[in-house]
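Structure first, commentary second.
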Amino acid sequence: MTHDHDLVLRPTAAQTEAALNPPPGRNGGDLVVETLAGLGATTVFGLPGQHALGMFDALRRSDLRYIGLRVENNAGFAADAYGRITGEAAPLLLSTGPGALTSLAALQEARAASAPVLAISSQIPTAGLGGGRHGYLHELPDQAASFRGVVKSVHTVRTQSQIPSAIAEAWQSALTAPHGPVWVEIPQDVLLAGTAIPVVTGVDATPQELAPRPELTAVAAELLSTASRPAIIAGGGVVRADASGKLLRLAEKIAAPVVTTFGGKGAFPWRHPLSLQSWLEDRHTTDFLEDADVLLVVGSGLGELSSNYHTFKPRGRVVQIEADLGKLESNHPALGIHADARSALQALLETVRERTDETAPERVRTLLEKVARRIAGQELTLEQDVLAAVRRALPPRSPSFWDMTILAYWAWSAFDPGTPNTMHSAQGAGGLGYGFPAALGAAAADPTRPVLAVSGDGGALYSIAELATARQYDLDVTWLIVDDGGYGILREYMTDAFGQATATELTRPDYVALAESFGVPGVRTTPAALEADLRKALASPGPSVVVLPAVLRMFAPTHLD
């Protein structure tokens with residue numbers, strides 16, 4: 001009698017011959033790129049360095065497409081965006097020490113935003129591992145320790161035979177909910193040494209499913225079915241799980257208004273009668289959510305921004321569905337369901353009873369009217385006109401990537417993304433310089449649509465070198481730079497807090513001339529001409545820069561009242 005676990009796939013004669021006689025001239029780096037290709041990777045990002053040359057030499061013997069950026073942190077942002085757009089683990093190849101450490105801010109953003117990035121770094125030679133001070137170039141006593149508090153998992157390789165399994169294990173970790181960045185490091189000598197190990201062909205790393213416990217979804221379904229005023233907060237986990245359709249059906253089935261977090265933009269249709277849109281930094285929205293007798297939170301940890309700076313104090317029962325165990329009930333007591341948003345929403349759809357509430361659309365309209373009146377009373381026509389011009393100019397389904405800048409803060413609350421997984425920003429970790437290199441990664445992921453990047457002049461200076469990358473690979477990205485001569489939001493914060501700003505003013509270049517020096521067309525625009533200039537740039541293949549000199553203001557916060 002044969003049992004399933006006794007079955008073994010037998011290699012063919014050709015496979016056996018190939019394994020016994022692998023191609024000559026391969027090294028440890030070939031095992032890296034062969035494993036990546038075997039896992040399904042097609043594109044890698046990175047920057048070469050002395051200890052990593054074995055990996056980069058192997059690229060020329062593979063079919064992997066390489067996109068090389070000019071700064072490791074920007075390469076990390078590009079990989080982050082590639083992972084968000086495709087849902088695949090984006091390989092990021094880096095060198096040791098300074099090269100590796102320069103990627104930390106990008107990996108922090110990927111972790112905060114649950115973007116799957118597979119970072120593979122070189123290490124000093126094996127003889128130098130272990131914490132001694134051997135004096136190797138780029139040596140750190142414990143390089144992996146620098147990343148353990150940032151990424152999901154760390155994998156250190158010491159022999160060539162470990163490379164395929166370590167990378168496969170990291171790949172699986174990156175793509176298991178919650179997605180996130182992972183770190184693999186391989187010593188220089190392991191990468192450079194010739195190898196007789198057969199070509200890597202049989203590799204698999206299926207992500208683990210995170211299904212909800214049925215007894216918990218049964219309780220949640222009963223709470224939602226019998227609620228008088230249910231409401232839903234939809235976070236980035238809904239978008240990452242491709243669960244927007246299930247969210248829509250559930251909201252309609254129980255007549256529950258839905259607000260999306262800034263990371264969950266697009267999770268729910270903007271103009272739907274049950275859509276509260278994304279006005280989370282508004283006390284009217286906070287009051288509405290506090291009044292819910294049952295609040296379903298899906299794919300959000302209810303962090304600082306999603307809770308209106310922790311002023312949100314729910315009075316009803318909270319049900320929280322969250323894939324990141326560390327975020328479950330971390331801010332509010334709840335019926336905590338540790339699960340992927342898609343599987344949990346499906347379970348609720350199958351068990352919840354339909355309820356009707358003819359007052360829900362009217363309550364939504366009333367709330368949005370209150371928000372509109374509050375904004376209208378602050379004389380912010382310029383800001384609203386600029387944001388509306390960007391929305392009209394951006395083609396349907398084209399992704400946009402927003403840096404930490406005042407226009408992005410407006411977009412978090414007021415921008416209609418149109419469709420799920422098209423609007424992305426660095427609000428996860430809040431670092432400058434995200435917008436443009438991330439847009440380059442998105443353009444590499446999907447060249448069929450133009451991509452928009454939005455930065456302030458402060459953030460633009462973090463990633464200006466990537467104009468060379470955009471030109472080298474002819475990536476279809478239009479970069480809108482709002483030039484207000486400094487760190488605009490910090491200028492506002494300091495003026496409000498101290499009466500004047502310090503260290504916020506910047507001497508900056510002529511961005512149009514600078515773009516043109518890279519061979520990238522640039523134009524200086526005005527608020528009145530912005531829509532037409534953006535449309536033209538987005539319709540022209542390849543990279544372009546649109547500069548808008550303007551001082552924008554933020555709407556008044558409500559969490560300080």
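For the range 235-292, the ratio of Cα radius of gyration to the globular rule of thumb 2.2 N^0.38 Å stands at 1.07. Express in whole angstrom the spacing between the alpha-carbon centres of the range 40-60 and the range 65-141. Each part reduced to its Cα centre gives a spacing of 12 Å. Estimated at 0.36 nm per residue, the fully extended path between R133 and E492 surpasses their Cα-Cα distance by 124.6 nm. Here the accessible area of the range 431-561 is 57 percent carbon and sulfur, with a 1.4 angstrom probe and all protein chains present. Using Cβ point charges alone (K and R +1, D and E -1), the dipole size of the chain about the Cα centre works out to roughly 420 debye.
Ligands, DNA and RNA aside, H179 has an accessible area near 40 Å² when probed at 1.4 Å.
Out of every Cα-Cα pair in the range 103-143, what percent are more than 16 Å apart? Please report the intermediate quantities before stating the final value.
On the way: 396 of 820 pairs.
Taking all Cα-Cα pairs of the range 103-143, the fraction more than 16 Å apart is 48 percent.
For the range 154-210 versus the range 424-477, the inter-centroid distance based on Cα atoms is 28 Å. I need the fraction of alpha carbon pairs in the range 260-395 separated by more than 26 Å, rounded to a whole percent. Here the long-distance tail beyond 26 Å is 29 percent of all Cα pairs in the range 260-395.
In this structure the range 385-441 gives 23 Å² per residue of accessible area when probed at 1.4 Å with all protein chains present. Centre-to-centre, using Cα atoms only, the range 247-281 and the range 380-415 are separated by 19 Å.
Between W479 and A453, S544, V545, V546, the built amide H atoms are under 5 Å apart, and every one of these is 5 or more places off in sequence or on another chain.
Between T226 and A528, the simple label model (points 7 Å from Cα in the Cβ direction) yields a spacing of 6.3 nm.
For a paramagnetic label modelled at 7 Å from the Cα of T156 toward its Cβ, which residues of the range 186-208 fall within the zone defined by backbone nitrogen distances under 11 Å? Correct set: 186-187.
Over the residues of the chain, the helix contribution to mean residue ellipticity at 222 nm works out to -11000 deg cm²/dmol, using -39500 (n - 2.57) for each DSSP H run of at least 4. Measuring nothing but how far apart in sequence close Cα pairs (under 8 Å, 6+ apart) lie, relative to its length, the range 214-295 scores a relative contact order of 34 percent.
Sequence-ordered 3J(HN,Hα) estimates for the range 278-289 from the Karplus curve with 6.51, -1.76 and 1.60 and θ = phi - 60° stand at 9, 7, 6, 8, 9, 5, 4, 5, 4, 4, 4, 5 Hz, glycine and proline given as x.
I need the shape label for the range 134-198. Rule: rounded when a/c is under 1.5, else prolate if a/b > b/c, else oblate, with a, b, c from the alpha carbon gyration tensor. In terms of gyration-tensor shape, oblate.
Using C-alpha pairs under 8 Å with a sequence gap of at least 6, the mean separation divided by the residue count of the chain gives a relative contact order of 13 percent. Here the chain carries DSSP beta bridges of which approximately 5% are antiparallel, counting only pairs with both residues inside.
How many times 2.2 N^0.38 Å is the alpha carbon radius of gyration of the chain?
Details: Rg = 24.9 Å, N = 561, 2.2 N^0.38 = 24.4 Å.
The reported ratio for this selection is 1.02.
Anything over 31 Å Cα to Cα? Flag those among K246/K327; K265/K313; K152/K246; K370/K536; K152/K253; K152/K370, in the order listed. If you can, show how the numbers build up before the last one.
Values: K246/K327 22 Å; K265/K313 23 Å; K152/K246 28 Å; K370/K536 36 Å; K152/K253 36 Å; K152/K370 42 Å.
In this structure, K370/K536; K152/K253; K152/K370 lie more than 31 Å apart at Cα.
Surface composition of the range 178-308: carbon and sulfur make up 52 percent of the accessible area, probe 1.4 Å. Ranking S165, A539, T96 by how far each Cα lies toward the positive end of the dipole of the chain (charges on Cβ) leaves A539 at the top.
Taking the 1.4 Å solvent-accessible surface of the range 37-133 as the whole, the part contributed by carbon and sulfur is 51%.
Calculate, for the range 139-232, the solvent-accessible area per residue in square angstrom, rolling a 1.4 angstrom probe over the heavy atoms of the protein chains. Working shown, then result.
Details: 4020 Å² over 94 residues.
That works out to 43 Å² per residue.
Restricting to bridges with both residues inside the range 461-550, how much of the DSSP beta-bridge set is antiparallel, in percent to the nearest 5? Percentage antiparallel, nearest 5: 10. If you look at the Cα atoms of the range 92-164, you get an Rg and a Dmax of 12.6, 37 Å.
The values are calculated or read from the model by the stated rules, or taken from the named source; none is laboratory data. All values reported here derive from a predicted model rather than from experimental measurement. Backbone-built Cβ (ideal geometry, glycine too); neighbour counts: all protein chains shown. The accessibility values were calculated without ligands, DNA or RNA, using every heavy atom of the protein model including side chains. Shrake-Rupley method; radii C 1.70, N 1.55, O 1.52, S 1.80 Å.
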